[in-house]
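S.K.: Got a structure for you, written out below as structure tokens; questions coming shortly.
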Amino acid sequence: MKRNTIILAVISFIFSFGFLYFFTAYIYHERLSASLSSAKNSSISVVDIISPEIKAAFLKPDDISLLYSIERMSKIKNVTEAFILDKNSNVVIHNDSSKWNKKYNEPVFSNAVSAKDKKLQSLSPSSFLYSVPINENAVLCAVFSLDDILSSFKIWKIKLYVLSFLFSVIFTFFVYYLLKFFFIRPFEKAKKYLSLNERNKKTIYSDLVNMAFQSSEINNEKLDNIEFKSDKIKELFKYVLESRFDTSASVFSVLDDSAKIVYCSDVNKVIFNKQTINTHIVNATANINIIQEISKIIDNADSSSELNIENLKINIIPVRNEAGSFIGIVITGK
């Protein structure tokens, strides 16, 4: 049972973490796509706002104003490069002076130069080239890099995976203790209650007899001549236990097959004046009717008998074992 519970807990961990893993991956990609798209659109909007100023500066013989505008564009968030290319893909002006007059041979730059309108092209998974035509001989270019967004989202994703793992562990322990509380504990209690080791199986009825003697306040010296481990007494007490008699009744007594007391409880002494263990019924009561009925049962233990004594309904029940042998009598009165 415990092994099965552990297996179920492990399975719950696998399923919960698997679900959270794929759910986290889905959320990550959705949020990342939305953030990248928003960042690109934002950067493009700002470039579009500044581009008329750069066009005007480019068409005037004012290099300082043009350089200032290019520098300003390069400071836009997510923009790493701002420059102008001529129709041969040569750099006319760049925010990095070391790249002036550099020639770009990559197809994306040729496409930007030949485009008649604004164009967005991918340079890598995290960088893009945005081009805005100035005139027939020049094009304004801006390179967007989204590496910072990717890095921040990777950290965010790792945190989500760690939280998912911790949640799965907590959930697994919760499932385990829930199963333990509702299944293992009741199972263990039932098992402990129902299972008896070999020693208990052999001695349980003798122990019950001892309890009966103790409840009758008999000292050890008087028990020396009584056969505690008598098979008939064990069978007699087994019958009493399995029949679920109300031992708290006003009168409850168990006699062996010779009509001697093995257990007796008669607080008001309605029947039994003497309740000592191993006392014969003749010496234990002065009620002739009880003695006569018990004598009849000993002679023919086929049916029980019923008497009314001092407003009590007294039942005298013969007891037979599984072999059909007479082993004693139970007397109850309510």
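A short reminder: the numbers here are calculations on the coordinates, not readings from a lab. If you're wondering where the values come from, they're calculated on a predicted model, not measured in any experiment. Cβ placement follows ideal geometry from the backbone for every residue including glycine, while neighbour counts extend to all protein chains displayed.
S.K.: State the number of residues belonging to the stretch 57-101 that are within 60 Å of the chain's Cα centre (by Cα), closer than 17 Å to Val132 by Cβ and among the basic types (Lys, Arg).
M.R.: 1
S.K.: Taking the residues in the stretch 84-110 that are of a type in the set (S, T, N, Q) and surrounded by 14 or more Cβ atoms within 10 Å (Cβ to Cβ) as candidates, determine which candidate is farthest from Ile54 (Cα to Cα).
M.R.: The initial filter retains those residues of the stretch 84-110 that are of a type in the set (S, T, N, Q), namely 88-90, 95, 97-98, 101, 105, 110.
Checking which are surrounded by 14 or more Cβ atoms within 10 Å (Cβ to Cβ) leaves us with 89-90, 95, 110.
On the way: Ser89: 18, Asn90: 18, Asn95: 13, Ser110: 21 Å.
Top of the filtered list is Ser110.
S.K.: Here is a follow-up. All but one of (1) under 30 Å from Ile170 (Cα atoms); (2) touching a residue at least 40 places away in the same chain (Cβ under 8 Å) hold for Lys40, so report the exception by its number.
M.R.: (1)
S.K.: Turning to a different aspect of this structure: On the phi < 0 side of the Ramachandran plot, part of a helix (DSSP H, G or I), acidic (Asp, Glu) and surrounded by fewer than 19 Cβ atoms within 10 Å (Cβ to Cβ), is that true of Asp148? Walk me through how you get there before you give the answer.
M.R.: On the way: on the phi < 0 side of the Ramachandran plot: yes; part of a helix (DSSP H, G or I): yes; acidic (Asp, Glu): yes; surrounded by fewer than 19 Cβ atoms within 10 Å (Cβ to Cβ): yes.
It is true that Asp148 is on the phi < 0 side of the Ramachandran plot, part of a helix (DSSP H, G or I), acidic (Asp, Glu) and surrounded by fewer than 19 Cβ atoms within 10 Å (Cβ to Cβ).
S.K.: Kindly list the number of the only condition in (1) aromatic (Phe, Trp, Tyr); (2) over 47 Å from the mean Cα position of the chain (by Cα); (3) within 30 Å of Lys157 (Cβ to Cβ) that fails for Tyr21.
M.R.: Condition (2) is where Tyr21 drops out.
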